[in-house]
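Please treat every number below as a calculation from the coordinates, not as lab data. As the structure is a computational prediction, the values presented were derived from the model and not from experiment. Note: ideal-geometry Cβ built from the backbone for every residue, glycine included; neighbour counts use all protein chains shown.
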Amino acid sequence: MSTTTEAQRMQLVEDLKTLVRDAQSLIQSTANDYQASSEDIKSSMTHKLHQAMEQLHHLEHCHRERLMHSAQKAQTYVSNHPLQAVGISAAVGLLLGLLIKRN
């Protein structure tokens with residue numbers, strides 16, 4: 001996994017943790033000062049939730065692009081080297097068969 005993707009994933013996790021902490025704060029504050037702080041916390045949580053969702057969508061888009069690129073590269077390789085692709089597939093199938101039989 002690239003360092004950029006890993007950093008984005010870690011930032012998303014941190015944002016989700018912050019969102020949970022804010023939700024807990026909202027629950028605790030409802031008993032004390034419902035009217036004043038709940039609106040502030042609600043708007044803060046809504047903003048953080050939107051940020052987390054945007055990051056999640058961006059991360060999903062990046063992974064989808066990488067997957068499509070990998071699939072295109074595999075398709076090109078198989079088209080250019082059909083016999084090698086069949087040989088590799090047969091070897092993988094044989095190895096999997098041996099592993100399954102062994103268990």
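Of note:
- With Cα atoms, 0 to 90° folded angle of helix 82-102 axis to the chain main axis: 70
- Sorting Asp22, Asp40 by the number of Cβ atoms found within 10 Å of their own Cβ, with the fewest placed first, yields Asp40, Asp22.
- Acute angle (nearest 10 degrees) that the helix 3-32 long axis makes with the longest principal axis of the chain, alpha-carbon atoms: 30
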